[in-house]
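> Questions regarding the structure given below will be posed in turn.
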Amino acid sequence: MTRELIGHFIDGKEIFEGDGRGPVYNPALGRPVREVLFADEAVVDRAVAAAKAAQVAWGEESLARRQRVMFDYRSLLLAHRNEIVALISEEHGKVLGDAGGEFARGVEVVEFVTGLPQLLKGQYNDSVSRGVDAMSVRYPIGVAAGITPFNFPAMVPMWMFPVALAAGNGFVLKPSEKDPSTALRLAELFVEAGGPPGLFNVVNGDQRAVGRLLEHPDVKAISFVGSTPIARSIYERAAHAGKRVQALGGAKNHMVVLPDADIDTVAEAAVSAAYGSAGERCMAISVMVLVGDDGEAHLSAIKDRMQRLTVGSYLDPKSEMGPLITGIHRDRVARLVGEAEAKGAKILVDGRQHPLIKEAGFFFGPTLIDGVRVDMEAYQEEIFGPVLLVLRAPNLEAAIALVNENPYANGAAIFTGSGGAARTFIRHIDAGMVGVNVPIPVPVAYHSFGGSKFSLFGDTHVHGEEGIRFYTRAKAVTMRWPGEDRIATGMHFVTNS
Ligand code: NAD
């Protein structure tokens with residue numbers, strides 16, 4: 001379903017209110033294809049009120065009913081797969097294969113929460129004292145809000161709302177204003193699947209809508225995913241307002257390659273992890289650390305594989321890598337490549353020279369830079385583009401120290417045939433998600449996703465058991481039933497009148 005103007009989804013229907021609007025681009029064409037309305041405070045208040053009202057009955061529903069809605073939602077999502085994948089590609093620019101991948105990872109979370117009753121079982125101890133039992137139970141928190149980035153318009157919202165909803169909460173999602181259509185469709189399908197109207201709302205907009213969500217007294221928890229400076233500020237503001245908060249930030253993910261790593265495996269992994277989705281992935285490999293020998297064999301295999309990488313529009317099925325999200329972002333990526341070059345790094349493959357750069361779409365070619373030093377801005381900053389930096393380390397210990405010095409700590413991977421080296425890496429690397437011969441170690445839905453340092457402000461990771469804890473509050477109950485004493489002393493409940 002293609003819209004010309006995108007509104008908000010509140011109380012089970014799309015509404016067209018708000019104070020401003022912005023263009024939504026098709027990055028492959030380099031021009032706007034529609035507009036999105038920006039919510040003001042009144043629109044946000046309406047969405048929160050709808051979620052609050054719908055949550056009361058939903059929180060009282062049986063686990064079986066909530067589970068069934070999630071089952072039906074999963075079926076409906078799969079029935080609409082191609083439509084959603086096309087929306088993702090149109091507004092984000094990633095090729096259909098990448099869009100299909102993110103859709104599948106999002107659906108995985110819906111599948112995970114169909115088993116939520118098992119995870120909400122709680123704990124029980126009989127006789128913690130004479131005649132006294134204790135149990136720990138988890139209840140919904142009420143209304144939660146999610147604020148999400150442009151780079152995964154389906155998957156990142158789906159890290160959040162399926163868990164929150166299945167756990168009995170209402171939810172308000174504020175997706176990225178750069179690619180907002182997918183979120184709206186996900187919310188519509190939830191109602192079509194039998195979800196109560198009003199439980200899951202989408203407000204579109206910018207920092208004004210976010211500001212209202214952060215201060216609204218009925219929003220009890222904030223899940224944020226985006227760039228590090230915004231994540232830090234969201235964390236501080238939400239915590240100050242007394243809310244639960246998890247704020248996931250940017251990343252700089254390293255791939256450490258030992259001399260014994262299989263050359264073809266490394267080349268395939270590096271190219272797919274650095275250039276897939278044009279490097280606009282929070283788990284993209286953006287730095288390769290070659291350990292020990294000169295690493296020339298690995299580098300030359302990577303360059304060979306890069307020659308065969310097809311850049312182009314998602315409309316061409318041969319394309320393996322699409323454009324960047326905006327022209328401004330493309331210029332920033334080019335500037336950071338130029339800065340590294342000016343400071344002495346060697347550009348082995350130069351994306352600035354790619355023929356598609358002259359097209360209207362926001363294309364930038366895959367780029368490989370050797371001889372990078374840690375003081376370069378390209379290394380310090382998250383580039384978020386198809387640029388792989390290469391650094392050297394004399395041994396594994398030095399490579400681990402180099403990675404751990406970096407302020408980000410999302411993912412890190414090691415490529416080796418040595419179990420001992422891999423074990424040392426797992427134990428000592430400072431990253432939330434670690435890959436062994438796996439370049440993008442995004443955990444499956446029943447494990448939790450998240451990093452530390454500049455990559456996560458807050459305590460809990462998303463989805464998996466940590467996600468359930470985030471969207472529920474615990475009660476520890478201690479119970480004594482005086483009736484039991486009376487039964488023991490001969491009193492009967494059933495008496496003859
Ligand atoms: P962004 O920080 O610009 O925007 C994220 C969200 O915050 C959007 O909804 C946006 O509207 C809102 N926002 C922007 N400025 C704001 C402000 N001043 N006040 C309040 N809200 C504001 O991020 P982006 O460019 O959309 O996404 C890319 C970033 O997200 C990258 O840094 C990437 O690493 C990060 N990311 C991290 C993860 C992770 O799991 N750690 C996952 C995906 C993306």
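The values are calculated or read from the model by the stated rules, or taken from the named source; none is laboratory data. Note that this is a predicted model, so its numbers are computed, not measured. In this analysis, Cβ positions are derived from the backbone assuming ideal geometry, glycine residues included, and neighbour counts consider all displayed protein chains.
> Based on this model, can you work out whether PHE362 counts as more than 29 Å from SER89 (Cα to Cα) and surrounded by 14 or more Cβ atoms within 10 Å (Cβ to Cβ)?
Against the criterion (more than 29 Å from SER89 (Cα to Cα) and surrounded by 14 or more Cβ atoms within 10 Å (Cβ to Cβ)), PHE362 does not qualify.
> It is to be established whether one or more residues within segment 75-92 are over 30 Å from GLY322 (Cα atoms) and in a loop (DSSP other than H, G, I, E, B).
Looking through segment 75-92, none of the residues is over 30 Å from GLY322 (Cα atoms) and in a loop (DSSP other than H, G, I, E, B).
> Residues to consider are ARG305, ARG281; find the one that is near the ligand (Cβ under 10 Å from one of its atoms), out of contact with any Pro (no Cβ under 7 Å at 6 or more places or on another chain) and not aliphatic (A, V, I, L, M).
ARG281
> Restricting to segment 219-228, and then to whatever is buried (at least 18 other Cβ atoms within 10 Å of the Cβ) and near the ligand (Cβ under 6 Å from one of its atoms), can you tell me which residue is farthest from ARG469 (Cα to Cα)?
Checked segment 219-228; the qualifying residue farthest from ARG469 (Cα to Cα) is GLY226.
> Okay, next question. Check whether at least one residue in segment 447-466 is assigned to a strand (DSSP E or B), away from the ligand (no atom under 12 Å from the Cβ), touching a Gly at 6+ places or on another chain (Cβ under 7 Å) and in contact (Cβ under 8 Å) with a residue 40 or more places away in the chain, and report yes or no.
No, the conditions are met nowhere in segment 447-466.
> With away from the ligand (no atom under 16 Å from the Cβ), in contact with a helix residue (DSSP H, G or I) (Cβ under 9 Å, 6 or more places away or on another chain) and either modelled with pLDDT of 95 or more or more than 20 Å from LEU76 (Cβ to Cβ) (or both) as the only criterion, which of ALA154, ALA166, ALA145 stands out?
Matching residue, one of ALA154, ALA166, ALA145: ALA166.
> Here are ALA278, ALA273: which of them is touching a Leu at 6+ places or on another chain (Cβ under 8 Å) and among the aliphatic types (A, V, I, L, M)?
Exactly one of ALA278, ALA273 is touching a Leu at 6+ places or on another chain (Cβ under 8 Å) and among the aliphatic types (A, V, I, L, M), namely ALA278.
> Would you kindly identify the strands (runs of 3 or more DSSP E) lying entirely within segment 132-218 that contain at least 3 residues that are buried (at least 22 other Cβ atoms within 10 Å of the Cβ) and assigned by TED's automatic domain parsing to the domain that holds ALA42?
Ranges flagged: 143-147, 170-174, 200-202.
> Quick one: would you say MET321 is touching a Phe, Trp or Tyr at 6+ places or on another chain (Cβ under 7 Å) and over 24 Å from PHE449 (Cα atoms)?
When the stated conditions are applied, MET321 passes them.
> Quick check on my filter: what residues within segment 237-269 are under 20 Å from the mean Cα position of the chain (by Cα) and assigned to a helix (DSSP H, G or I)?
ALA238
> Additional query: Residues ALA284, ALA267, ALA297: which one is buried (at least 24 other Cβ atoms within 10 Å of the Cβ) and of a type outside the set (D, E, K, R)?
Among ALA284, ALA267, ALA297, only ALA284 is buried (at least 24 other Cβ atoms within 10 Å of the Cβ) and of a type outside the set (D, E, K, R).
> Can you report the number of residues in segment 25-64 which are closer than 20 Å to ALA187 by Cα, part of a strand (DSSP E or B) and in contact with a helix residue (DSSP H, G or I) (Cβ under 6 Å, 6 or more places away or on another chain)?
Total meeting the criteria: 0.
> Condition first: of a type in the set (Val, Ile, Thr) and within 14 Å of the ligand (Cβ to nearest atom). Can you find one or more residues in segment 313-327 that meet it?
Taking every residue of segment 313-327 in turn, at least one turns out to be of a type in the set (Val, Ile, Thr) and within 14 Å of the ligand (Cβ to nearest atom).
> Being outside any helix (DSSP H, G or I), of a type in the set (Lys, Arg) and either more than 30 Å from ALA154 (Cα to Cα) or at pLDDT 95 or above (or both) is the requirement here; does LYS318 meet it?
For LYS318, the condition - outside any helix (DSSP H, G or I), of a type in the set (Lys, Arg) and either more than 30 Å from ALA154 (Cα to Cα) or at pLDDT 95 or above (or both) - is met.
> Please verify whether GLY20 is in the same structural domain as ARG212 (by TED's automatic domain parsing) and within 26 Å of the chain's Cα centre (by Cα), treating the condition exactly as stated.
no
> Identify, by number, the condition in (1) free of Cβ contacts under 8 Å to residues at least 24 places away in the same chain; (2) crowded, with 24+ Cβ neighbours inside 10 Å that ILE88 doesn't meet.
All conditions pass for ILE88, except number (1).
> Quick check on segment 7-14. Is at least one of its residues over 25 Å from GLY168 (Cα atoms) and at pLDDT 95 or above?
yes
> Name every residue in segment 229-262 that is away from the ligand (no atom under 12 Å from the Cβ), buried (at least 17 other Cβ atoms within 10 Å of the Cβ) and over 30 Å from VAL219 (Cβ atoms), in order of residue number.
HIS254, MET255, VAL256, VAL257, LEU258, ALA261
> Right, next: Report the residue count in segment 18-34 for those that are in contact with a Leu (Cβ under 9 Å, 6 or more places away or on another chain) and over 11 Å from GLY205 (Cα atoms).
Matching residues across segment 18-34 total 3.
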